[in-house]
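The values are calculated or read from the model by the stated rules, or taken from the named source; none is laboratory data. A quick note: this is a predicted structure, and the numbers were derived from the prediction, not measured. Note that each Cβ is placed from the backbone with ideal geometry, even for glycine, and that neighbours are counted across all protein chains shown. SASA here: full protein model, heavy atoms, side chains in, ligands and nucleic acids out. Shrake-Rupley method; radii C 1.70, N 1.55, O 1.52, S 1.80 Å.
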Amino acid sequence: MPKPALNTREKIVEAAAHLFYSEGIRAVSVDAVAAKSQLTKKTLYYHFASKDELIAAYLASRDQPTLQLYQKWFDETEGTVCDKVRGMFQRFAQVANSPEWRGCGFNRTAAELASTPGHPAVKAGATHKKRFEGWLTDIFERESISNARTSARQIIVLLDGAASIMLIHRDPAYVEAAGEVAANCIRT
């Protein structure tokens, strides 16, 4: 079945997502996004008032797909909640071990915009991270994990730390080690 045609706004966000993730948000110009979209810059600015708005839309577009991917990894892992958390890290380690992997787009964007904490993209990243933490908290509460919220927060810290160290060492053993620590954070 053929892929449905994207509307213009989606086409721009998809092009921006590809460029921003592969090259970084500061390195990519609006001209480059327009060219990748096969649209004029005027058309791009009709849909997005600024590059900042486009960056925020890029991150917002990655929120649900990213969360769904981690949910899938969690659900596909057999065993206890601890096993599922460990499995989520193991799958992440496999993906992060690819030469195409450039890190967490939310973290990389926040790092590039560290001097502008009120930036709409930083807010989009914070929303995503809180949503992810909320998803884990809900699971842990259903499973009667003590300190569910604290455990979820610790796992987010471990995931983000694993993503950062993976960019430096490119060794999935670090992500797997973080997964072992994460599994040990969970107490029933």
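Using Cα springs under 10 Å in a Gaussian network model of the chain, which residue among GLN38, GLN154, GLN64 shows the largest mean-square fluctuation?
Ranking GLN38, GLN154, GLN64 by mean-square fluctuation puts GLN38 first.
Pop out the ³J(HN,Hα) list for the stretch 159-165 in order, Karplus 6.51 cos²θ - 1.76 cosθ + 1.60 with θ = phi - 60°, rounded to Hz; leave Gly and Pro as x.
So the J values, rounded to whole Hz, are 4, 5, x, 5, 5, 5, 6.
Would you mind giving the average projected area, over all directions, of the Cα convex hull of the stretch 102-179 in nm² with one decimal? Intermediate values should be presented prior to the final figure.
On the way: hull surface 22.7 nm².
Its Cα hull, projected and averaged over all orientations, spans 5.7 nm².
Which percent of the accessible area of the chain is formed by carbon and sulfur heavy atoms (probe 1.4 angstrom)?
54 percent
To the nearest whole percent, what portion of all C-alpha pairs in the stretch 76-135 is separated by more than 15 angstrom?
64 percent
Tabulate in residue order the Karplus-calculated ³J(HN,Hα) for the stretch 130-145, using 6.51 cos²θ - 1.76 cosθ + 1.60 with θ = phi - 60°, rounded to whole Hz; enter x for Gly and Pro.
My calculation for the stretch 130-145 gives 5, 5, 4, 4, x, 4, 5, 4, 4, 4, 5, 5, 4, 8, 6, 6 Hz in order.
If the viscosity is 0.890 mPa s and the temperature 25 °C, what translational diffusion coefficient in µm²/s does Stokes-Einstein give for the stretch 137-188 when Rh comes from Kirkwood over Cα pairs?
Details: Rh = 11.4 Å.
Using the Kirkwood radius from Cα pairs, D works out to 216 µm²/s.
Can you tell me which of 114-120, 13-19, 172-178, 139-145 comes out highest on packing, and rank the rest after it, using the mean Cβ neighbours within 10 Å?
13-19, 172-178, 139-145, 114-120
Between ASP138 and ASP83, how high is the FRET efficiency from 1/(1 + (r/R0)^6) when r is the Cβ-Cβ distance and R₀ = 25 Å? Nearest 0.05.
Working: r = 18 Å, r/R0 = 0.73.
E between ASP138 and ASP83, to the nearest 0.05, is 0.85.
Return the Rg/Rh ratio of the chain with Cα-based radii and a Kirkwood Rh.
Rounded to two decimals, Rg/Rh equals 1.02.
Lys/Arg Cβ at +1, Asp/Glu Cβ at -1, dipole of the chain taken about the Cα centre: which of LEU19, GLN90, ALA35 is farthest positive-ward?
ALA35
Using the Karplus curve 6.51 cos²θ - 1.76 cosθ + 1.60 with θ = phi - 60°, what ³J(HN,Hα) values do you get for each residue of the stretch 71-82, in whole Hz, with x for Gly and Pro?
Karplus values, whole Hz, x for Gly and Pro: 4, 4, 4, 4, 5, 6, 7, 7, x, 6, 4, 4.
Please report, in debye to the nearest 20, how large the charge dipole of the chain is about its Cα centre when each Lys and Arg carries +1 at its beta carbon and each Asp and Glu carries -1 there.
Around 540 debye, computed over the chain.
Per residue, how much accessible area does the stretch 92-188 have with a 1.4 Å probe, in Å²?
Ligands and nucleic acids excluded, the result is 51 Å² per residue.
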